[in-house]
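The values are calculated or read from the model by the stated rules, or taken from the named source; none is laboratory data. Quick caveat, the model's predicted, so the values are computed rather than measured. Because the Cβ atoms are built from the backbone with ideal geometry, glycine has one as well, and the counts that use them run over all protein chains shown. Just so you know, the surface numbers come from the protein's heavy atoms only, side chains and all, with ligands and any DNA or RNA stripped out. Shrake-Rupley method; radii C 1.70, N 1.55, O 1.52, S 1.80 Å.
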Amino acid sequence: MVIAFMVTAFLLVTNIAFANTISENPNLNVASLDKFLNLEKGVVTTSTAWSPDGSKVVFSWEKPEDCLAEVYLANGNGTNILELRSKAEKPSWNNSEEVFFVLQEGAVVLADYKGNVIRTFQPENEGEECVSFSLSPDKEKIIVTSKVENGYFQTYISDIDGSKLKKYVSYASDTNSEESTVSWQPDGSLVVVNKKGNLYIQEGEEHEERLLYEGNTSNPLWFPDGKKILFVENENQLYSIDMDGTDLSFITNFGLNTSYFWSFFGASQFSISPSGNIIAFTSSLDPANGKILENEPIPSTRQNIAAPLFIINWMVPTLLR
């Protein structure tokens, strides 16, 4: 029953995410925004973000009657609420004047704070649509992920102005989330990508490709110091590797990796502490015997799966729960 509880909890969190975020600003007029949003049962408010200068807030709001999201922007005091775009989601600030978001028709758009379109990133192939994007930490580059007709995700990388475009820097099946195929180095200078299970580093002005690791990987993630990369091998084993391809280290086996479940709800299955020494992750256990599940259970028994949280100091081979 734990998994069912986690699903419910996530849906509730998305409903109150906006309220939690705006409470960080003591000058925000919460009442005016709450009246506007009319937060009733079934309404979901997500992707809330403050502008870098703290003067504005952008958010995605899903109407209960049609389940189509819209991107809105408001002043930090709750006034001047503006619909930037209908049928859009996943807003993210480029700077305090410009916002990126994904159109449900399959394009990524950069617009100013008044909703005027500055730039559009759109796949050139028929039947292909953009589903997400990722900005480098220094906001100099963008990765756009698209979904093709056969259910695969592929990514494009370019400078933030659309120049120096490189196609198909990663390619993964729909058993992985579109976000699980790429990860930016903390300073934004490099990106690790997953291409059909192999890890590559994209580097340099022309986004040159270098093979890092060959295997069956998913979910690459940089350590905070930008020197190592954490990744999943064979769907249930955590490894780390140095950015130059050396010092491959097995960390732990965490059993069944139900990545489709976590990605569907926008959740991450594991996380690295700021120090880089501690890794937190969740697994799947049979609550009857406490054993880690190694194989996908049949649908009728999934509601009985437990998903506890583990932490591991990967510098010391001791698992803590």
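Annotations
- Amide H contacts of Gln185: Leu190, Val191, Val192, each under 5 Å away and 5 or more positions distant or on a separate chain (H built 1.01 Å from N in the peptide plane; Pro and chain starts excluded).
- Solvent-accessible surface (1.4 angstrom probe) belonging to Ile312, in square angstrom, nearest 10: 10
- Approximate spin-label separation Ser271-Glu209, in nm, with each point projected 7 Å along Cα-to-Cβ: 3.3
- Sorted largest first by accessible area at a 1.4 angstrom probe radius, with every protein chain in place, the residues Lys56, Lys196, Lys164, Lys114 fall in the order Lys196, Lys114, Lys164, Lys56.
- Each residue of the range 199-207 is assigned a 3J(HN,Hα), and the resulting list reads 9, 10, 9, 9, 8, x, 5, 9, 6 Hz, derived from the Karplus form 6.51 cos²θ - 1.76 cosθ + 1.60 (θ = phi - 60°), x at Gly and Pro.
- Annotation: amide H of Trp222 within the under-5 Å range of Leu230, sequence separation 5 or more or interchain, hydrogens built in the peptide plane.
- Karplus (6.51, -1.76, 1.60) ³J(HN,Hα), θ = phi - 60°, over the range 182-196, in Hz, Gly and Pro reported as x: 9, 8, 7, 4, x, 8, x, 7, 10, 9, 9, 10, 9, 10, 6
- Sequence of Phe281, Phe133 from largest to smallest accessible area, 1.4 Å probe: Phe133, Phe281
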